[in-house]
Structures are given as structure tokens and as C-alpha cells.
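Remarks on the structure that follows.
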Amino acid sequence: MRVPLIAGNWKMYKTAAEAEAFVLAFLPLVSGVRGVEIVLAPPYPSIGAVALLVRGSGIGVASQNVHYADEGAFTGEVSIRMLQEAGATHCIIGHSERRQYFAESDDAVNRKVRATLAAGLTPILCVGETDPEREGGKTFDVVGRQLAGGTKEIPASMGSRVVVAYEPVWAIGTGKTATPAQAQEVHAFLRGRLKELWGGAADAVRILYGGSVKPDNIAALMANEDIDGALVGGASLSPGSFAKIVTFH
Ligand code: PEP
């Protein structure tokens, strides 16, 4: 039985004060929620404050990126140990905006996933095709390559700790959601690939859908066998709409 995971990716929105105000409004809305793992991914400067405020609630805190080295001369970067000390439990890795605007390669993504697992944090590995790639019939090639690249050299014993997020780039922030059938088709493909790689451990891997998830489409997406949660951008910025999403059932 996979426990659904719903993560809110705030991207470069919310100052620390705004992040705190969000959490104070959000906590009472979800205090009775059971059977769903909730994760908030604020920008780096708010991770510590958010982690303190959610302490004891069961809500996880994710970074939106991480560096794979323990420490070093990497100006502008943040290490896993720094994130852990601030209270992070998860790391979003290889988001399409990182791949597109910061030239993140599958190799860098893989190093980050491995370093995160080694440190005991949960990586949320993002994969997804662009519009021209889908139109060109390349969806499975692209997500298959990104999945293989991101999971390279990760043994089956660690496999079940990886969370995968399928985020078709054409659906992110566009209001254009993949239909539940389109999403399920790709999720089933990804689970098949994970089975080839890790055998039975693949059954425990949560595969999240991301791309214009809203309170009114979450239930239809979650009704599918291989959709185990959501990575939510825009609709996670308001406590009310994100609370409606995490209470989808
Ligand atoms: C995202 O940022 O991962 C995302 C899916 O954004 P949105 O929900 O706004 O499409």
C-alpha cells in the first residue's frame, strides 16, 4: 500500500514572513487529515522557519534543489547537511525549470538523487516531456531517458525511498492538465521501467503527477492505479486551495 504524497512547490514565491503566514493558516485546515503525506517546498530562506512551524504535525519540508557535494567552493549553492540542519526532509530534484533555465543534466540530477539518498533525505525526482516532444511521439523516450539517468547506480535496496514526479512540461503553470488517462499511461510506463531496474521495490515507489493540479481535478487523477500523489505549483500557494487538494478524498 503506497501512502499518497502531495507536495506543494512554491518556486520563487513567498518571503519568509509570507511563508510563515501560509503555515499558520494552513495547519488548522489540515490538522485532521490522515493517510496522506503532505510536503511543503518553500524557497531556501524559509525552510528553517517552515520546518519549525510544522514540527510535530507530520508535514514534511522539501528544498527545491540541492548541491551534491558535501561542501566546497560552489558559490550560491546549498548542501544537504545545511538543508537537514534547517529541518528539510525531502528534496525536489531535476524540476523542468531547473533543467530548462539552469541547464541541469541527467548526470547532475543523478548525483543529487544519490547524495540525497545517502544522507537519508527523500528525493523527489522530476521527469517530463515538452510539448514538441509529446507531439513528436517522443514522450516515452524522453521520460525513460530521464528516469534511467536520474536513477543510475541506485540499488534496489534504496529504490523504494525514491519518489518520482511525472510533470509534463506543457502542463506546468499553463492550466493545461494531462487527462487522468494520459497521466496514468505514463505512470504505468515509469513503474514498468522501475520494475525492470529494482524488481518488487518498484511497487513501493510513489509516482506523483504534476502539471496544473487543482482542487477540481485532483480526485480524478488520484483515482488511477499508478498515480500516488501530486506535485503542485500554483495551487499550493494559497492555504485554502492546497488544503482542498490534500483533502481530495
Ligand atoms: C510545478 O511547479 O511542479 C507545477 C506542477 O506547477 P503548476 O501546478 O503550477 O502547474
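Evaluation of LYS214 against the conditions (1) part of a helix (DSSP H, G or I); (2) over 10 Å from GLY8 (Cβ atoms) shows that the sole unmet condition is (1). One residue alone among ALA181, ALA156 is of a type outside the set (D, E, K, R), at pLDDT 95 or above and either open to solvent by 50 Å² or more (accessible area, probe 1.4 Å) or in contact with a strand residue (DSSP E or B) (Cβ under 7 Å, 6 or more places away or on another chain) (or both), and that residue is ALA181.
Return the total of residues in the stretch 106-120 being touching a residue at least 40 places away in the same chain (Cβ under 8 Å) and surrounded by fewer than 21 Cβ atoms within 10 Å (Cβ to Cβ). Here the count works out to 7.
Filtering the stretch 31-58 to residues that are surrounded by 22 or more Cβ atoms within 10 Å (Cβ to Cβ) and either among the hydroxyl-bearing types (Ser, Thr, Tyr) or touching an Asp or Glu at 6+ places or on another chain (Cβ under 9 Å) (or both) leaves SER46, VAL50. Of all residues in the stretch 142-176, those satisfying the criterion of being within 17 Å of ASP226 (Cα to Cα) and either more than 16 Å from the ligand (Cβ to nearest atom) or not in a helix (DSSP H, G or I) (or both) are GLY144, LEU147, GLY159, SER160, ARG161, VAL162, VAL163, VAL164, ALA165, TYR166, GLU167, PRO168. Looking at LEU24, LEU29, just one residue is closer than 18 Å to GLY87 by Cβ and over 21 Å from the mean Cα position of the chain (by Cα), and that residue is LEU24.
Among the residues of the stretch 185-222, those that are open to solvent by 10 Å² or more (accessible area, probe 1.4 Å), within 14 Å of the ligand (Cβ to nearest atom) and touching a residue at least 12 places away in the same chain (Cβ under 8 Å) comprise SER212, LYS214, PRO215, ASN217. Residue count for the stretch 223-236 satisfying the condition of being within 15 Å of the ligand (Cβ to nearest atom) and either part of a helix (DSSP H, G or I) or open to solvent by 50 Å² or more (accessible area, probe 1.4 Å) (or both): 3.
In this entry, THR122 passes the filter for residues that are within 16 Å of the chain's Cα centre (by Cα) and among the hydroxyl-bearing types (Ser, Thr, Tyr).
The values are calculated or read from the model by the stated rules, or taken from the named source; none is laboratory data. All of these numbers come straight from a predicted model, not from anything done at the bench. Backbone-built Cβ (ideal geometry, glycine too); neighbour counts: all protein chains shown. Remember, those area values only see protein heavy atoms, side chains included, never the ligands or the DNA or RNA. Shrake-Rupley method; radii C 1.70, N 1.55, O 1.52, S 1.80 Å.
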